1. Near D319, within a Cβ-to-Cβ distance under 13 Å, what is the net charge of the other residues, with Lys and Arg +1 and Asp and Glu -1?
2. Which of the lysines could a cross-linker span from K113 if the Cα-Cα distance has to be under 19 Å and same-chain partners fewer than 8 positions apart are dropped?
3. Charges at C-beta only: +1 for Lys and Arg, -1 for Asp and Glu. How large is the resulting dipole of region 213-356 about its Cα centre, in Debye rounded to 20?
4. Could you give the length gained by full extension between V86 and E225, i.e. 0.36 nm per residue of separation minus their alpha carbon distance, to one decimal place?
5. I'd like the Karplus ³J(HN,Hα) series for region 145-153: coefficients 6.51, -1.76, 1.60, θ = phi - 60°, whole numbers in Hz, and an x wherever there's a Gly or Pro.
6. Run the dipole for region 145-279 about the Cα centre, Lys and Arg Cβ at +1, Asp and Glu Cβ at -1, nothing else charged, and hand back the magnitude in debye, nearest 20.
7. Is region 269-361 best put as rounded, prolate or oblate by its Cα gyration tensor, with a ≥ b ≥ c the root eigenvalues, rounded for a/c under 1.5, and otherwise prolate when a/b is larger than b/c, oblate when not?
8. Out of all DSSP beta bridges with both ends in the chain, state the antiparallel percent to the nearest 5.
Amino acid sequence: MRVVAAMSGGVDSAVAASRMLEAGHDVVGVHLALSQSAATLRESARGCCTIEDAGDARRVADRLGIPFYVWDMAERFKADVVEDFVAEYEAGRTPNPCLRCNEKIKFAALLDKALALGFDAVATGHYAQIVEGPNGKELHRAVDMAKDQSYVLGVLDAEQLAHSFFPLGDTTKPQIREEAAAKGFYVANKPDSHDICFIADGDTKAWLTKRLGEKPGDIVDTDGEVVGRHEGAYAYTVGQRRGLGLKVPRDDHAKRYVVDVQPKTNTVVVGTADLLGVDVIEGSHARWPGPPPVGEVRLGAQLRAHGEEFPATVTADDDRVVVRLDACTRGVAPGQSVVLYEGTRVVGSATITATSRAPRQSSSVVTVGDSTTSSDGSPSVGASE
């Protein structure tokens, strides 16, 4: 098969390209130029897509003896990922840019271009597995659960999955580094990129403020009493505790969290942790890598890239999904994604549009990750409490 190996300049995509070549495929390496300031060298493990990364990818391709190209998708990335990210926060939602990038760039723009040029598939360094099932290819979790990236691939549809390869899914990350070193790859010990790739210093609040400007407003409690001020409601996400700077403490000194963001009035609402518990999640923009569920089914629901999987009852109706968790959980915000699993198989995903708490006599409440984090487990846009 003729395969485009997406080469980010990291160790994972380097080994993925190597494995595709060893499997006998006709491989061409492609680095996606996504940054509009790619000349800036990376100063840490944060971010990616710099000229340094392109150079690292080229060196691996040269060592493998495969053709190498840089495809400029900076404008597409800006429109479909960066501007979407800003618009979602401005609308009071908490987006996941990694899922949007996979959906709109790596498995839409990249795959579409590859197919148009006569290639058969795209291979990436994601940690996930593709398994032949009774209804065709299935997307499954990786063997290395610490690196499993099936959550951020939950936006793939069946057609995209049919033209994809994930060669690393059956291997642990330490083994991948050992393999890269054995092959003489310069990137064998290169640090992983992390956080949001287009916010190099990791300060999401400052980054949003630079683009949206300061928009001072009130922080109120659930009774409407003003308890603090903010410089922009867009810089807050449901479940956030740190960085609130509240001036009026509660009489019982209970910790308070963001329970609602109201962009129309530029208001942030805070309350106690018990108000964050939800067990009904509604979603839209459903994506199915295989047949969608029919009727009411029991599945696992994951709400963060490396979060816990929660047992749930799921009903799907075309583009819309309702997920009823067995127990309440906290830290779930509109704009995030819920990815559904049957065992290790990814059934599908949806973007969360609303959450609620069903009436019940009693329930346990668990927290999705740390209440000081936002979608994808990345640091919340607030700083310290």
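1. Summing Lys and Arg as +1 and Asp and Glu as -1 gives -2.
2. Of all the lysines, those that pass the test against K113 - Cα under 19 Å, at least 8 places apart if same chain - are K78, K104.
3. On the way: 16 positive and 20 negative charges, 91 e Å.
Dipole size: approximately 440 debye.
4. Extra length from V86 to E225 when fully extended: 47.2 nm.
5. Working through the residues one at a time gives 5, 5, 10, 3, 10, 4, 4, 7, 9 Hz.
6. On the way: 17 positive and 21 negative charges, 111 e Å.
Result for region 145-279 is approximately 540 debye, rounded to the nearest 20.
7. Numbers: a/c = 1.72, a/b = 1.67, b/c = 1.03.
Since a/c reaches 1.5 and a/b is larger than b/c, the shape of region 269-361 is classed as prolate.
8. Details: 49 of 71 bridges.
Antiparallel bridges: around 70 percent, rounded to the nearest 5.
The values are calculated or read from the model by the stated rules, or taken from the named source; none is laboratory data. Because the structure is predicted, anything quoted here is derived from the model rather than measured. We place every Cβ from the backbone using ideal geometry, glycine too, and count neighbours over all the protein chains shown. Heavy atoms of the whole protein, side chains included, go into the accessibility calculation; ligands, DNA and RNA do not. Shrake-Rupley method; radii C 1.70, N 1.55, O 1.52, S 1.80 Å.
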